Amino acid sequence: MSDPNVNQDPTKTSSFDNEAIDPATAAAARARFDASSADSSDAADEHASESEGIALITGALEREVNEQKEKYLRLYAEFENFRRRTVKERQEAELKGMQHLLRGLLETIDDVARFAHVDPASTDAKTVVEGVAMVERKLLKSLAGHGLEVIDPKGQPFDPALHEAITTTPAATAEEDHLVAMVYQVGYVHNGTLLRPARVVVTQWNG
């Protein structure tokens with residue numbers, strides 16, 4: 001006699017529906033299914049959470065990169081404007097300085113022009129020499145106003161920083177040793193910068 005609680009065809013049902021076949025097996029299978037479903041749900045939730053976190057971090061990094069890029073572009077534009085403005089101001093300052101220098105030389109140029117066109121038949125040599133000396137004084141005075149200094153060290157101690165010795169000559173006494181005996185060519189200094197050393201003859205005491 002068959003048990004009415006047992007399904008006679010176990011292939012047409014599962015262990016979930018027919019505990020009479022094997023109640024322990026059915027319960028274990030049901031538990032495994034529930035656990036698997038729970039694990040799958042947790043894994044899906046975890047994956048979704050990780051994706052959201054990555055998206056948030058990526059978005060924050062992109063915003064930071066864009067902000068830094070904008071800052072860089074602004075700084076670069078400001079630097080370019082500053083550079084162009086500085087170059088323009090320097091050029092304008094150089095131009096004004098040159099114009100100021102030339103204005104101071106105009107009268108000297110006029111004097112040179114007058115002496116360049118004198119009549120040799122009616123002008124003696126003394127007048128020409130005095131005129132040239134006057135032009136030289138006016139020229140040096142004008143250039144001195146722009147920071148030019150003449151190095152004419154005759155009788156002064158030899159200074160290798162400002163003088164260039166082209167030869168030596170015997171000194172009469174030991175006190176005259178290393179003095180400038182003669183200046184072949186004067187030197188020039190502009191605002192503390194040596195433009196050309198004075199070429200000189202230096203005395204030398206031989207005992």
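We did not get these values from a lab; they are worked out from the coordinates using the rules stated. These numbers come from a predicted model, not from an experiment. Glycine also receives a Cβ, built like all others from the backbone with ideal geometry; neighbour counts cover every protein chain displayed.
Some points to look at:
- Test: residue in the range 152-171 that is of a type in the set (Lys, Arg) and either out of contact with any strand residue (DSSP E or B) (no Cβ under 7 Å at 6 or more places or on another chain) or assigned to a loop (DSSP other than H, G, I, E, B) (or both): yes
- One residue stands out in the range 161-192 among those that are under 16 Å from residue 151 (Cα atoms) and in contact with a Phe, Trp or Tyr (Cβ under 8 Å, 6 or more places away or on another chain): the one that is surrounded by the fewest Cβ atoms within 10 Å (Cβ to Cβ), namely 166.
- Check on residue 169, hydroxyl-bearing (Ser, Thr, Tyr) and within 30 Å of residue 105 (Cβ to Cβ): no
- Residue within the range 122-142 that is surrounded by 10 or more Cβ atoms within 10 Å (Cβ to Cβ), touching a Gly at 6+ places or on another chain (Cβ under 8 Å) and under 21 Å from residue 187 (Cα atoms) present: yes
- Which numbered condition residue 79 misses (of (1) touching a helix residue (DSSP H, G or I) at 6+ places or on another chain (Cβ under 9 Å); (2) in a helix (DSSP H, G or I); (3) farther than 22 Å from residue 190 by Cβ): (1)
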